[in-house]
Structures are given as structure tokens and as C-alpha cells.
Amino acid sequence: MKDPGYVYILTNPSFREDWVKIGKSSRPVNIRSKELDNTAVPLPFEIFATLQTAKYDKVEKLVHKTIDRLTDLRIRQNREFFNVAPQIALDIFRDIAQTIDDAIVTEYQNNQPVRQYSMADEDLASESNETEGNKRVGSADAVKHTKKPRFKFSLVDIKIGEELLFIPSGIKVKVASDDSIEYQGRIYKLSPFVGTFLPEDKRNQSGAYQGALYFTYKGVRLTDLRFRKEMESANNTPE
């Protein structure tokens, strides 16, 4: 099987806010972004997000094609620069990731990973998908991957009875068990709840959703809480 590579979204402080570079690399993207730091641009590129997969060649073409279908957003037809907001490009990454078994999406701030999730995470594909995730963050500088359990509230110290906010519509729900929530007297797992109550204009074509990505606890997204816990655990683990 082909080794995984990366499709990346890069921004640049010297560009307009809605300009991005979307390309691919067989090596870590921080290396690629440094290679692009030359006299052609006044300031270094910044990593906004990456999608890691063995199918990175095909994914890069699919991302470009998807953006091209929206409208003529390429700044120059033979280049990898697009007149599109980075967040829109990231949404395309997320949708594509939900159709690829080995896809891992990582979001960055200040060139450091701040959030990471994969098709195999938690219940992203559906409630019937029992596949475990294959990643764990080892440090802010290097992301290491290993199997991890499906999302449970105990992993982020959330107790039964606590209140969560469903981001897309502002619905408030309560934690009913270690892996379920209660709303209007009914019990739901996270992903099926998202599939049921997500507004039509926010749905994707696959109908697959990472449940924890759509809820916050005390203002913090569940996926971010898990990421922080993994960071703390990794940093406290003796080498």
C-alpha cells in the first residue's frame, strides 16, 4: 500500500484573507511550507489545515475540482492558489475525509496542530461503525498515531446530567450515559442526533458526521476537549 501523504491548505499574511494555496506533499507539510518560503513571497506561509491519506494524489485533484465547480476561484488556472476562504476549503476537506477510511484532518493555529480527527474516530461514519480511531497526538510538534477508544464523556471528565450545546441550532441536551445524550425524553448517540437535527443547509452529501464535533461543553467543543486531554496525557508520559 502506498505510504500516506498530505493535502494542505496554506495561508500567507501577505495575501488577501480569502486566498489560499491548496497542494499536496509526500512529506510533512511543515517541511513543504518552508520550501515555499522564498523570494517569490514576502512572508512565510502558514499551515491552516492538512488532510493525511494514502490517496493524497486523488484527494488533491478532488479538492481542486470541487472548488472549481463552485465557481472560477483559481487565481491562475495553472496554479494551486484559490480565491476562497480557508474555512470553506477546510469544510471541503471534512466532507472528503468522511468518504476515506484512512483520512486524518488536522487543523492548525500558528503552525501548530490544535484539532485532529479522522474517519475512524468515535462515530463519524455512523452509530453502527465500531471501527476504532488510529491517532493520538504525541506533542504539539509531532503527531503520532495509534489506536484509541471511541469517544466517551468520561474521557473528558463530563458527568451524567451535564448540559451540552448542539452548535448548529443552539439546542441544549443532557448527558444520559457515558456515550449518549437525552433530548425531549429520548436517548440518542451523538452521530445519530446530528444526522436527525442538523439543519438542511449544513448537511453533507455522505450523511456521515463526527458527533463530538457538533457539541460544546461550557463553550468548548468536545473534540477540542479530547484533544487537550490527549495532549496532557502525552506530555505527562515519560519517554
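Can you find even one residue in the range 74-88 that is open to solvent by 60 Å² or more (accessible area, probe 1.4 Å), modelled with pLDDT under 90, under 18 Å from the mean Cα position of the chain (by Cα) and farther than 14 Å from A212 by Cα? Among the residues of the range 74-88, at least one is open to solvent by 60 Å² or more (accessible area, probe 1.4 Å), modelled with pLDDT under 90, under 18 Å from the mean Cα position of the chain (by Cα) and farther than 14 Å from A212 by Cα, which makes the answer yes. Kindly indicate whether any position in the range 216-225 is free of Cβ contacts under 8 Å to residues at least 12 places away in the same chain and under 16 Å from D95 (Cβ atoms). No, because not a single residue in the range 216-225 is free of Cβ contacts under 8 Å to residues at least 12 places away in the same chain and under 16 Å from D95 (Cβ atoms).
Anything in the range 51-65 that is assigned to a helix (DSSP H, G or I), under 18 Å from the mean Cα position of the chain (by Cα) and either β-branched (V, I, T) or surrounded by fewer than 14 Cβ atoms within 10 Å (Cβ to Cβ) (or both)? List them, or say none. Within the range 51-65, V59, V63 meet the criteria.
Entry remark, the range 97-118: residues being part of a strand (DSSP E or B) and under 11 Å from the mean Cα position of the chain (by Cα) number 11 in total. Of all residues in the range 10-34, those satisfying the criterion of being open to solvent by 80 Å² or more (accessible area, probe 1.4 Å) and farther than 16 Å from L90 by Cβ are R16, R27, K34. Whenever a residue of the range 170-186 is more than 15 Å from V220 (Cα to Cα), its partners that are open to solvent by 60 Å² or more (accessible area, probe 1.4 Å) and among the hydroxyl-bearing types (S, T, Y), lying with C-beta atoms within less than 7 angstrom and at least six residues away or across chains, give the pairs D178/S154. Here the range 189-204 is the region considered, the condition is being open to solvent by 10 Å² or more (accessible area, probe 1.4 Å) and more than 17 Å from the chain's Cα centre (by Cα), and the residue that is modelled with the lowest pLDDT is D201. A single member of F48, F93, F151 is assigned to a strand (DSSP E or B) and either open to solvent by less than 70 Å² (accessible area, probe 1.4 Å) or modelled with pLDDT under 85 (or both), and it is F48.
When you check V41 against the structure, is it open to solvent by less than 60 Å² (accessible area, probe 1.4 Å), within 19 Å of the chain's Cα centre (by Cα) and of a type in the set (V, I, T), yes or no? For V41, the condition - open to solvent by less than 60 Å² (accessible area, probe 1.4 Å), within 19 Å of the chain's Cα centre (by Cα) and of a type in the set (V, I, T) - is not met. Taking the numbered list (1) touching a Lys or Arg at 6+ places or on another chain (Cβ under 9 Å); (2) modelled with pLDDT under 95; (3) part of a loop (DSSP other than H, G, I, E, B) in turn, I160 passes all entries but (2).
Pairing each residue of the range 21-33 that is free of Cβ contacts under 8 Å to residues at least 12 places away in the same chain with any residue that is part of a helix (DSSP H, G or I) and not acidic (D, E), provided the two are 6+ apart or on different chains, yields no C-beta distance under 9 Å.
The values are calculated or read from the model by the stated rules, or taken from the named source; none is laboratory data. Everything quoted here is computed from the prediction, not taken from an experiment. A quick note on method: Cβ atoms are made from the backbone with ideal geometry, for glycine too, and the neighbour counts reach across all protein chains shown. The accessibility values were calculated without ligands, DNA or RNA, using every heavy atom of the protein model including side chains. Shrake-Rupley method; radii C 1.70, N 1.55, O 1.52, S 1.80 Å.
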